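Comments concern the structure below.
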Amino acid sequence: MRKPIIVLGATGSIGTQCLDILQFSLEYELIGVSLNSRFENLEPYLFYFDSLKYVAISNKEAAEKFKKLHPSYVVFTGEDSSLALIKECNKADVFNALIGNCGLRPTLLAMRQNQDIMLSNKESLVIGSSLIKEEAKTSKSHLYPVDSEHVALAKLIKEASERHVDEKNILKYIVTASGGALRDVKKEDLTQVTPEQVLHHPTWAMGSKITCDSATLVNKGYEVIEASVLFDVPLDKVGAVICRESLVHAQLRYLEDGKEVLLQEYSPVSMKVPIAYALSKGELGMHKDNQEDLANIQKLHFADIDYDFYPAFMYTIKTFEKFGNVGMIYYNAVDTLAIDHFLHHKISYLQLIEALGYTYTHLHDLPVLREEHLQDIIKAAEDYAREVIALIEQ
């Protein structure tokens, strides 16, 4: 008997790739999906999933249109529609591909119901790690990362364990970055950067928000934080380097007999590889090569991150260090709104960066994070983001 699964954020880039894999799955039976409004992106899949019964659409107008076109489905609507879906499908595994702060509450609810979670939603860990750690004390849920970097790190940590490497001898847990669409732009030319340039990623095909975050390296800052939380290691033991080809996804450096050893994990530039790994709950192997001279053999190009060129990378990590989860709720709200304004030509790329720097340097008097106050904090953060962007636009 196949295991039931629901996919949150099913019409986004990660969500649709998950659906592509589930079409051919012998282990899973898709019973529910959630989306915001673009149900036309779901319609091509309806033919393939006879088991699909529940559809959650947060946009009420889109939900009404979908119900008229497809009356056989049970439809949940409103901003809490994903929560209603999880409650209804409380025995199913949950693939969380939601984007933004809205992904945290579904993660917490699924944990409370002891459901296994394949987690693509970065914000769950970045803004809610303290809540997730508290929930994990009593939950029987297992969290499986979906990001290629964290999947790769999980494999490397397992490899190190099989080599009997003492955790105390691990020097650095490293995620890689492509450098984003602006990596070859001169610093003095950043004043002229357009949204079209930023959205033209050199190696990955992703949604607009994460593609912008890749250009600023905010995304990589989030991934450093996530790695610290996922693998329960100090933040200062997690780092990032640039691999231009995006073929190496993570590295692990450790000491063995007084010598430094480098493990590296690489795979094709396709999110379907880590998605499949997450769906297998860590049972699916990934191609790896642990030779120290992999970079020379494959003629890959690595580089340290230039903090002057990518200041938002450090703004992201430092905000988390200084202000914790609540600070990241505010920071992510500013980042999300600034990206929206940039993509609509309302602010420049450097103003986007300025908004993030302003947030890091000016946040203060933040409340303690409690789940019952989460929505109020998110609303306050969104109000703060509007104030910051209005100030930057002056």
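Read-outs throughout are calculated quantities, based only on the coordinates presented, and are distinct from any laboratory measurement. As the structure is a computational prediction, the values presented were derived from the model and not from experiment. Glycine also receives a Cβ, built like all others from the backbone with ideal geometry; neighbour counts cover every protein chain displayed.
Are there trypsin sites (Lys or Arg not before Pro) in region 93-139 that DSSP marks as loop and that have at most 14 other Cβ atoms within 10 Å, and which are they?
Details: sites: Arg112, Lys122, Lys133, Lys137; in loops: Lys137.
Sparse-neighbourhood loop trypsin sites (Lys or Arg not before Pro): Lys137.
Can you compute the helix-only [θ] at 222 nm over the chain? Use -39500 (n - 2.57) per DSSP H run of at least 4 residues, normalise by all residues, nearest 500 deg cm²/dmol. Walk me through the numbers before you get to the answer.
Details: 16 runs with 175 residues, N = 394.
Calculated at 222 nm, the ellipticity per residue is -13500 deg cm²/dmol.
Test of understanding: ordering His345, His150, His70 by Cβ neighbours within 10 Å, fewest first, what list do you get?
Going from sparsest to densest Cβ surroundings: His345, His70, His150.
Please check the chain for the longest run free of GluC sites (Glu not before Pro) that are loop-located per DSSP (anything but H, G, I, E, B) and have at most 14 other Cβ atoms within 10 Å.
Counting only loop sites that pass the neighbour cut-off, the longest clear stretch is 80-282.
Cα-based Rg of region 205-360 per 2.2 N^0.38 Å, rounded to two decimals? Working shown, then result.
Values: Rg = 17.3 Å, N = 156, 2.2 N^0.38 = 15.0 Å.
Here the Cα radius of gyration is 1.15 times the empirical estimate.
Can you sort Val368, Val175 from fewest to most other Cβ atoms within 10 Å of each residue's own Cβ?
Taking fewest neighbouring Cβ atoms as first place, the list is Val368, Val175.
Which of the helices in the chain, when you take each full DSSP H run, stretch at least 15 Å along the axis at their Cα atoms and have an average Kyte-Doolittle score of -0.5 or higher?
148-162, 218-230, 311-343, 349-362, 374-393
How high is the relative contact order of the chain, in percent, with contacts defined as C-alpha pairs under 8 Å that are six or more residues apart?
14 percent
Starting from the 7 Å offset along Cα-to-Cβ, what nm value, one decimal, do you get for the label separation of Glu283 and Glu245?
My value for the distance between the label points is 3.2 nm.
Which of these, Met328, Met206, Met118, has the largest mean-square fluctuation under a Gaussian network model of the chain (Cα springs below 10 Å)?
It is Met206.
May I ask you to derive the FRET efficiency for Met1 and Lys272 from their Cβ-Cβ distance with R0 = 30 Å, giving the value to the nearest 0.05?
0.75
Taking only Cα atoms and a 10 Å spring cutoff, compute GNM fluctuations for the chain and point out the largest among Pro106, Pro44, Pro202.
Of the options given, Pro44 has the highest mean-square fluctuation.
Taking just the C-alpha trace of the chain, give me its Rg and Dmax in Å.
Rg then Dmax for the chain, in Å: 20.8, 68.
Cα centroids of region 348-394 and region 1-74: how far apart, whole angstrom?
33 Å
In whole percent, what relative contact order does region 3-145 give with Cα contacts below 8 Å and a gap of six or more residues?
The value is 21 percent.
Apply the Debye scattering formula to region 151-287, with a single equal point scatterer on each alpha-carbon and no solvent, then give log10 I(q)/I(0) at q = 0.13, 0.18 Å⁻¹.
-0.61, -1.05
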